[in-house]
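Colleague: Dropping the structure in here first, questions after.
The values are calculated or read from the model by the stated rules, or taken from the named source; none is laboratory data. Fair warning: this is a prediction, and the values are worked out from it, not measured in the lab. Note: ideal-geometry Cβ built from the backbone for every residue, glycine included; neighbour counts use all protein chains shown.
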Amino acid sequence: MHAENGKPSQNDYCFISYMEVRERIITECSKMMMSVGITSMTMDNVAHACGISKRTLYEVFPDKRTLITECIKHYHEVKNAEVRDIFEHADNCFVAMIQVYSRAKTMYESTSVAFVNDIKRLYPDIFEQHINNEKVTVNGLANVLRQAQDEGLVIKRINPEIAAYLFVMSMRELHNSSNAAKYGFKMSDLFEQVFISFLRGCATIKGIEMIDSFESQQQNQ
C-alpha cells in the first residue's frame with residue numbers, strides 16, 4: 001500500500017525489492033539449468049550467480065523443485081509472448097514461421113540434452129507439464145498452416161495437425177540425438193535442413209516463390 005502523501009511506503013519498497021530478486025533468480029536459474037542441466041545446477045550455484053545469500057534464495061524459493069517449476073513456467077510464458085508478437089507483426093504466415101523457426105533454433109542450440117534428461121528422470125510430473133506446452137506449440141503451428149492454406153501458400157491436401165506434430169517431434173528428436181556428431185554434422189545445419197524441407201514440402205508454387213524471395217532478401221542483407 002502507498003503512504004498518504006502518495007510516496008511509496010516501506011512495504012512497497014520491500015515488495016519491489018522482493019520481485020526484483022525473484023526475477024533475477026528465475027533469469028539466472030533458467031540460463032543455468034538450460035545450459036548445464038538440473039543435476040549440475042545447485043542452489044549454491046544459483047545464489048552465487050545472483051549475488052545473493054543462500055538464505056535469501058530459500059526465502060524466495062523454499063526448495064529446488066519450486067524454483068525449477070517457476071523457471072519452466074517463465075520459459076513458456078516468454079516463448080509464447082514472443083511468438084505471439086512475431087505473428088502479430090509479420091507480413092504473412094511464412095515470414096512469421098521463418099522468424100519463429102529462427103527463435104526456436106537459437107533456443108534448441110542453447111539448451112543442453114542434460115536438461116531434458118534430468119527433468120525427465122528427476123521430475124517426471126514437471127516434464128509432463130513441459131511436454132503439454134509442446135502441444136500448445138503443435139496446435140499453434142497447425143493454426144498457422146491452416147491460415148497459410150487459406151492464403152494459397154500451403155497445399156490443401158496436407159493435414160495441418162499431422163504436419164505440425166511431425167515437425168515439432170522431428171525438431172525435438174533431433175535435439176535429443178547424439179548421432180549427428182558421428183557424421184560430422186553441425187546441429188544448427190541439421191535444424192535448418194529439417195525446417196527448409198518441412199516448409200518447402202508443404203508449400204504451393206506460390207508459397208515456394210515467397211520462400212525464395214524471402215531467402216534472397218536475407219542473403220542480400
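Colleague: From S53, S40, which residue is in contact (Cβ under 8 Å) with a residue 24 or more places away in the chain and among the polar types (S, T, N, Q)?
Modeller: Being in contact (Cβ under 8 Å) with a residue 24 or more places away in the chain and among the polar types (S, T, N, Q) holds for just one of S53, S40, which is S40.
Colleague: Another one. Right, F185: outside any helix (DSSP H, G or I), among the aromatic types (F, W, Y), out of contact with any Leu (no Cβ under 7 Å at 6 or more places or on another chain) and over 25 Å from E77 (Cβ atoms) or not?
Modeller: Yes.
Colleague: I'm trying to understand the selection: among the residues of segment 85-127, which are of a type in the set (F, W, Y) and either within 30 Å of E151 (Cβ to Cβ) or without any contact (Cβ under 8 Å) to a residue 24 or more places away in the chain (or both)?
Modeller: F87, F94, Y101, Y108, F127, listed by residue number.
Colleague: Let me ask you something else. Give segment 57-77 a look and list any residue that's under 13 Å from E23 (Cα atoms) and surrounded by fewer than 18 Cβ atoms within 10 Å (Cβ to Cβ), or say none.
Modeller: E70, K73, H74, listed by residue number.
Colleague: Condition check: modelled with pLDDT of 85 or more, basic (K, R) and under 30 Å from L199 (Cα atoms). Does K105 satisfy that?
Modeller: no
Colleague: I've got another one for you. Can you name the number of the only condition in (1) assigned by TED's automatic domain parsing to the domain that holds N139; (2) among the charged types (D, E, K, R); (3) farther than 30 Å from D150 by Cβ that R55 fails?
Modeller: So R55 meets the others, but not (1).
Colleague: Of the residues that sit in segment 145-199 and are aromatic (F, W, Y) and modelled with pLDDT under 85, which one is nearest to the chain's Cα centre (by Cα)?
Modeller: Top of the filtered list is F191.
Colleague: One residue is enough: does segment 72-83 have a residue meeting the conditions in contact (Cβ under 8 Å) with a residue 40 or more places away in the chain, in a helix (DSSP H, G or I), more than 19 Å from N139 (Cα to Cα) and not acidic (D, E)?
Modeller: yes
Colleague: Now, a different point. Looking only at segment 109-127, how many residues end up being under 27 Å from P160 (Cα atoms) and modelled with pLDDT of 85 or more?
Modeller: Counting residues in segment 109-127 that are under 27 Å from P160 (Cα atoms) and modelled with pLDDT of 85 or more gives 1.
Colleague: Go through (1) loosely packed, with under 14 Cβ neighbours inside 10 Å; (2) within 16 Å of the chain's Cα centre (by Cα); (3) closer than 30 Å to M41 by Cα one by one and return the number of the condition D85 breaks.
Modeller: Every condition holds for D85 apart from (3).
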